[in-house]
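Asker: Input: one structure, supplied below.
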């Protein structure tokens, strides 16, 4: 365990003993999941962002690819209309 402080940019330093124990080094990715009042940090080994699919719990059902594309199109249209 280690105590750290949040900077004004929202950054934290992972204590060396924790980095060593989890084998986390510079440029590694870590996944942070909120569990109630806790945040759980897990190292992501050699994964690309696309490989993280399914690692987080969904807050609502997936509407499907076509509905997602329509929604993105609507959002982009609204953005261009501004």
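Asker: Given the conditions (1) modelled with pLDDT of 90 or more; (2) over 18 Å from the mean Cα position of the chain (by Cα); (3) surrounded by 10 or more Cβ atoms within 10 Å (Cβ to Cβ), and given that residue 22 satisfies all but one, which numbered condition is not satisfied?
Answerer: Of everything listed in (1) modelled with pLDDT of 90 or more; (2) over 18 Å from the mean Cα position of the chain (by Cα); (3) surrounded by 10 or more Cβ atoms within 10 Å (Cβ to Cβ), residue 22 misses just condition (2).
Asker: Kindly provide the set of residues from segment 1-19 that are within 13 Å of residue 41 (Cα to Cα) and exposed (fewer than 10 other Cβ atoms within 10 Å of the Cβ), ordered by number.
Answerer: Within segment 1-19, 1 is the sole residue that qualifies.
Asker: Can you run down the residue pairs with Cβ atoms below 8 Å, 6 or more apart or on separate chains, where the first is in segment 59-82 and in a helix (DSSP H, G or I) and the partner is at pLDDT 80 or above and surrounded by 10 or more Cβ atoms within 10 Å (Cβ to Cβ)?
Answerer: From residues that are in a helix (DSSP H, G or I), the pairs are 71/63.
The values are calculated or read from the model by the stated rules, or taken from the named source; none is laboratory data. Just so it is clear, the structure is predicted and the values come from calculations on it, not from any experiment. Neighbour counts run over all protein chains shown; Cβ positions are idealised from the backbone, glycine included.
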